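Written out below as structure tokens is the structure these notes cover.
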Amino acid sequence: MRNLKDSKFDLVLTDPSWVYQKICDKYLGLGNDFNQLMLDADLWLMRVDFVFEYPRPTMPNVVYIGGFHCKPAKPLPQHLEEFVQSSGEHGVIIMSLGTFVNELPSDISNVIAAAFAKLPQKVIWRHTGGRPATLGNNTLLVDWMPQNDLLGHPKMKLFVAHGGTNGVQEAIYHGVPVLGLPLFFDQYDNLLRLKERGGAEILTINTVDKDNNFLKALKEVLTEPSYKINMQRLSRLHRDKPMKPLDNALFWIEFVIRHKGAAHLRTESYRLPWYSYHSVDVILFLAGAVMLVLVTSFILIRWLCSAMCKHKVKHD
């Protein structure tokens, strides 16, 4: 890692840039700009899948590996498997708001717990705060859960999630509908894309405790079959590829290593000076040409007017 900046090739896995700037500061030392490293990279590995993203033009050195971390579910630990099987025909809901959120305010936690308690499904909730007073017998609180394995379980009915990239892509991979509670970063954007495709509903955290919104949203996604149908369709599209995303990433990493770079795939736009990149020189040239035409026209019109005046005075 410490020789990355001086190497003949670079590989960049794109995500929020501030995270990678912190990584650059930690492993490469202060003064190394992540954005510059990204521009210098010969190959970009993008956690993007056009099943989920909107179409857009890209350069040949961009390789899409969305869902590379997704994999078939493994057997659950015995205590979780027993809890899941106890749900019977109603199935299971899991809830996780990611690693950045340790706990929710107690009033919101109580509203969520009360809504879960009114459902026939069993619930596994990753919750590290105080035990909600309204927690029902159908809800299991855990500090950690094997999220991918739970999402791939046949009894899985719904994923209540914050909308992080990992969770959304795992939900797509396993075809599980999502009820989103976005908190920050790109989470709302991720969930909105999923909602546009008919696989999710979204609630903001400040509306969870109003008018039974959370319970209504849970019942809507659980009882309306279109959510599951749409997510299963997205899952089929995501899986139907000539090469798995991780295998694709490994191929291109080894490609760059074998050929000591992939400069032939890079655009030359990164080498342009800022005024050329933003077409400032072209704009100035066109503005100068227009100005020259206007000045020439003005001088010509003035000369013609002067000549006409002299001609009129001479005849008078």
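How long is the gain from His264 to Ala117 if the chain were fully straight, where each residue apart is worth 0.36 nm and the alpha carbon distance is subtracted? Value of the extension gain: 47.0 nm.
Principal-axis analysis of the Cα atoms of the chain puts helix 245-258 at an angle of about 50° to the longest axis. Of all aspartates and glutamates in the structure, the ones whose alpha carbon falls short of 17 Å from that of Lys219, not counting any fewer than 8 places away in one chain, are Glu89, Glu201, Asp209, Asp211. Label-to-label distance for Ser106 and Gln78 is 3.7 nm, based on points extended 7 Å past Cα in the beta-carbon direction.
In the Gaussian network model of the chain, springs joining C-alpha atoms below 10 Å, which of Ala217, Ala249, Ala289 carries the largest mean-square fluctuation? Highest fluctuation among the options: Ala289.
Treating r as the C-beta distance of His90 and Glu254 and R0 as 30 Å, the FRET efficiency rounds to 0.05.
Annotation: aspartates and glutamates with alpha-carbon distance below 17 angstrom to Lys244 (same-chain offsets under eight excluded): Asp49, Glu170, Glu254.
A viscosity of 1.567 mPa s and a temperature of 4 °C, combined with the Kirkwood radius over Cα pairs in Stokes-Einstein, give a translational diffusion coefficient for the chain of 55 µm²/s.
By how many degrees, between 0 and 90 and to the nearest 10, does the Cα long axis of helix 280-315 differ from the longest principal axis of the chain? Roughly 30 degrees, rounded to the nearest 10. Adding -39500 (n - 2.57) for every DSSP H run of four residues or longer, then dividing by how many residues the chain holds, sets the calculated 222 nm ellipticity at -14000 deg cm²/dmol.
Read-outs throughout are calculated quantities, based only on the coordinates presented, and are distinct from any laboratory measurement. Worth saying up front: this structure is predicted, and the values here are computed from it rather than measured. Using ideal geometry, Cβ is built from the backbone for each residue, glycine included, and neighbour counts are taken over all protein chains shown.
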